[in-house]
Amino acid sequence: MYGSIAFTDSYEKSKRKWYRLHKLCTTGRSYGMKNKHSFQRRLEETEQSKHDSSFPRDYRQYKALKCGRYLVSIQGSRGHYCTPRETIGANEYFSMEIAIFPRYTRNKHVFLNVNRSKKLKAFPRISELMERADGTQPTVFGYVPVDLIQDLINYMEEKK
């Protein structure tokens with residue numbers, strides 16, 4: 001009997017923690033507000049994503065944004081780490097998947113390791129970004145809130 005009470009209490013605590021986290025990520029949506037972040041208006045779907053029949057229908061890919069010395073790939077669709085995890089309009093996401101690339105490089109497929117960039121390590125919200133790193137190399141970041149993405153883009157454009 002005692003064990004089941006402890007289980008119920010821990011279940012309720014985790015349920016409340018999940019609810020708070022979910023509410024934090026979806027606050028704008030719960031009040032019926034649209035996200036108004038300028039980077040979301042700048043996102044354009046790639047031609048391959050639009051017209052290539054080999055792409056799954058619910059998968060979409062956006063072109064990378066030029067931000068100072070960097071290219072930032074910001075993605076949102078059913079196949080990406082975003083909230084909601086659906087293929088919807090760019091301005092309807094509350095968190096998205098990002099990857100950062102050096103803008104001036106011969107190989108366009110080289111991810112930037114954020115730990116090796118002095119400029120990005122000085123970003124005031126770097127610890128929040130690092131919490132969302134996918135794996136051991138901080139090159140791809142999942143479920144990044146759109147306000148954090150906007151702050152990162154603003155920072156990168158200011159620190160050219």
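The values are calculated or read from the model by the stated rules, or taken from the named source; none is laboratory data. The structure displayed is predicted, hence computed values, not measured ones. Ideal geometry is used to build each Cβ from the backbone, glycine not excepted, and the neighbour counts take in all protein chains shown.
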Subset tally (residues that are modelled with pLDDT of 90 or more, closer than 22 Å to Gly79 by Cβ and either not assigned by TED's automatic domain parsing to the domain that holds Glu92 or not hydroxyl-bearing (Ser, Thr, Tyr) (or both)) for region 134-151: 8
Pair list, Cβ under 9 Å, 6 or more apart: region 105-124 residue assigned by TED's automatic domain parsing to the domain that holds Cys67 and at pLDDT 90 or above, other residue of a type in the set (Asp, Glu) and in a helix (DSSP H, G or I): Phe123/Asp151; Pro124/Asp151
